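The values are calculated or read from the model by the stated rules, or taken from the named source; none is laboratory data. Here the structure is a predicted model, which is why all the values come from computation and not from measurement. Neighbour counts run over all protein chains shown; Cβ positions are idealised from the backbone, glycine included. Quick note on the areas: whole protein, heavy atoms, side chains included, nothing else; ligands and nucleic acids left out. Shrake-Rupley method; radii C 1.70, N 1.55, O 1.52, S 1.80 Å.
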Amino acid sequence: MSFVPGQPVTAVVQRIEIQKLRQNDHLILGFSIGGGIDQDPGQNPFSEDKTDKGIYVTRVSEGGPAELAGLQIGDKIMQVNGWDMTMVTHDQARKRLTKKNEQVVRLLVTRKSLEDAVRHSMSNYPK
Amino acid sequence: MDNESTYSGYSYKSSHSRSSRKHRERRDRHRSKSRDSSVRGDKSVTIQAPGEPLLDAESTRGDDRDDNWGETTTVVTGTSVDSISNEDLTRVSKDLEESSPLECRRFLGPALGAVLGLFALITPLAFLALPQLLWRDALDPCATPCEGLYVSLAFKLLVLLISTWALFLRPPRATLPRFFVFRCLLLALVFLFVASYWLFYGVRVLEPRERDYRGIVGYAASLVDALLFIQYLALVLLEVRHLQPAFCLKVVRNTDGASHFYNVGHLSIQRAAVWVLEQYYSDFPVYNPALLNLPKSILSRKISGFKVYNLGEDNSTNNSTGQSRAMIAAAARRRDNSHNEYYYEEAELDRRIRKRKARLVVAVEEAFTHIKRLQDNEPATSSPKRPREVMDPREAAQAIFAPMARAMQKYLRTTRQQPYHSMESIINHLQFCITHNMTPKAFLERYLTPGPTLQYQKENSRGRQWTLVSEEPVTAALRQGLVFSLRRLDFSLVVTVTNLPFLRLGEEFIDPKSHKFVMRLQSETSV
């Protein structure tokens, strides 16, 4: 899921819609993110390519909105509500996810198993 | 007769006669045929006057002595002269006449060396003086060139004299078991030079009554040059060559495992041994035999073993090793709690030592507050109400010793140091500390840590007897993997030689502008 500079990034993504939960006048989504272009990509345990500076889901809290919506740990977030997440700093990502006036966030996430599933299903079809 | 034998010269004068060495070797060979490179039988002779310590101050036997000098005022003696061990008996019954040659052996070498040196120095002057004395009238007159040569000769002789004094006229520090190869080489060289110069002189100058005085003076000057060069050679061989480190010696004391590492250069085994011993006296903590053993209560439980029965075996002789091995294996498998006892015993001892140390420190601090130094501008008597008597350091030391004596005695007894410190020595040390304005902590540093062996030596000009035990001849040079040991009466030092590694030093240039940094973050934010 790394990128080649100058070439468009392609990925198989899953659309996940999370309803924010109100908790003590915070709106929480129930997961944690890591990564960003200002972070050290080598320490990311979930990325396949250790130069990938994208935003990854590092923790999903039990029974939270994210888990209910089907977000899994290790997912890479590609878009949030239409905003790109592949080339943002950590703080920008956090801000995009925690906008106070939004009740719903629609994420496009990708993971390795999606890629494998598509390839597997494509190979089964005769050309 | 003292119980210590002698050390004789290690590196003192270069110019020593080869003949003295030969004499010494011949005498050594006659003395004991069984002597080879390892000096096995060379123990010191001990003839004791009653009341003197049986062994020298370094090796101590028996720590049940009367040291109640805290309570009473008896002065403690070093050891108690009660039992003579087997080793002492064998030593006493040895050849008694070994002692007297050993005594003057120490000075024999230097004396003969001095003779040869003096002879070598006088020779050029003799070369100059003899023609003048014998056939003065027949000599060719030679004014200015000769005087120039005289001046140069005089200065070279002066330099020779001064450097001989600086380099070689030192009191010897050690006696080596075998002769010192380099020194003998140099002695032989000097002897050869001087002899051949005399030979030439005798044949070519004295016989035909040579008239060219300038030539004779030049000849004498060349002898002085040759002597200077020999001295340069001596300097390099004896003093300089072994300075560059080439080997690392590991020195381990076999009784308690105290060890040190030293770097030395290219030396022979005997010279390295002397060098190690010099470092030993100032680096190693003093050997205290009382600190060695585990308390008997812990070890005695291992004695009870298993009885092994032979069933149906005829020959029991070759089964003994099997038996003992079986017993050892069984003993090892048995559940053994002696390590527990050892641990608690150690903890208890530590606690006791710390408690006594605390009491000692407090007592000493308090004692030191009782006196203060009298400044010059202070009147001796401040007021008629409190007249102060002026004391010298000795009296001041004795005055403040009494309150701390008991705490000191208890502490020394707990740390098993009481053989090394008598009441007299403590008062002396106290006087010394008071004189030099030392704090109580400085006074106590001598007692709180066991110092190097040199600190406990009495002033003794007889020297210490060490035995060099080695499988190689002791004049062989050091090399990797060599092991030799230096034995004393009740402990020994085992020395292992390893090469210093060959270093390949590379270089790397760092541009000062290349030092740049970025932040390395890995934050995780929960949303």
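Taking beta carbons within 10 Å but only from partner chains, what does the mean come to for residues A:24-33?
Going residue by residue through A:24-33 and averaging, the value is 2.
Site pair B:D392 and B:L233 shows an inter-label distance of 5.7 nm when each label is modelled 7 Å from Cα along Cα→Cβ. A Cβ-based charge dipole, computed about the Cα centre of chain A with Lys and Arg at +1 and Asp and Glu at -1, lands at about 280 debye. Each residue of the stretch B:388-485 gets 181 Å³ once the volume of the Cα convex hull is shared out per residue. Label separation (B:L133 vs B:R211): 2.4 nm, computed from points 7 Å beyond Cα along the C-beta direction. Largest accessible area first, the residues B:L468, B:L185 order themselves as B:L185, B:L468 under a 1.4 Å probe with ligands, DNA and RNA left out.
List the GluC sites (Glu not before Pro) within the stretch A:51-127 that fall in a DSSP loop (any state other than H, G, I, E or B) and whose Cβ has at most 11 other Cβ atoms within 10 Å.
Numbers: sites: A:E62, A:E67, A:E102, A:E115; in loops: A:E62, A:E102.
Of the GluC sites (Glu not before Pro), the ones in loops of the stretch A:51-127 whose Cβ has at most 11 other Cβ atoms within 10 Å are A:E62.
In degrees between 0 and 90, to the nearest 10, how far off the longest principal axis of chain A does helix A:112-124 point, with axes built from Cα atoms? So the inclination is approximately 40 degrees. Considering all C-alpha pairs of the stretch B:105-242, those separated by over 24 Å amount to 38%. Residue by residue along B:212-221, Cβ atoms of other protein chains within 10 Å of the local Cβ number 0 on average. Working ranking of peptides B:160-171, B:345-356 by packing, defined as the average number of other Cβ atoms within 10 Å per residue, highest first, is B:160-171, B:345-356.
For chain A, the orientation-averaged shadow of the C-alpha convex hull comes to 9.0 nm² (one quarter of the hull surface). The loop-placed chymotrypsin sites (Phe, Trp or Tyr not before Pro) in the stretch B:418-527, going by DSSP, that have at most 11 neighbouring Cβ atoms within 10 Å of their Cβ come out as B:F502, B:F509, B:F517. When Rg and the Kirkwood radius Rh are both evaluated on Cα atoms of the stretch A:4-44, their ratio Rg/Rh stands at 1.11.
Within the stretch B:438-527, which trypsin sites (Lys or Arg not before Pro) sit in a loop by DSSP and count at most 12 neighbouring Cβ atoms inside 10 Å?
Details: sites: B:K441, B:R446, B:K458, B:R462, B:R464, B:R479, B:R487, B:R488, B:R504, B:K513, B:K516, B:R520; in loops: B:K458, B:R462, B:R464, B:R479, B:R488, B:R504, B:K516, B:R520.
Counting only loop positions with at most 12 other Cβ atoms within 10 Å, the trypsin sites (Lys or Arg not before Pro) in the stretch B:438-527 are B:K458, B:R504, B:K516, B:R520.
Residue by residue along A:88-99, Cβ atoms of other protein chains within 10 Å of the local Cβ number 2 on average. When the C-alpha to C-alpha distance is required to be over 24 Å, the pairs from A:K50/B:K513; A:K53/A:K99; A:K20/A:K112; B:K250/B:K441; B:K410/B:K441; A:K95/B:K516 that qualify are A:K50/B:K513; A:K20/A:K112; B:K250/B:K441; A:K95/B:K516. What net charge do the residues around B:R204 carry, taking every other residue with its C-beta under 11 Å from that of B:R204, with Lys and Arg at +1 and Asp and Glu at -1? Combined, the nearby Lys, Arg, Asp and Glu give -2. Please report the spacing between the Cα centers of the stretch A:16-55 and the stretch B:147-199 in Å, no decimals. Measuring centre to centre over Cα atoms gives 87 Å. The phi torsions of the stretch A:103-110, fed into the Karplus equation with coefficients 6.51, -1.76 and 1.60 and a -60° offset, translate into couplings of 9, 10, 10, 10, 9, 10, 10, 10 Hz, rounded to whole numbers, with Gly and Pro shown as x.
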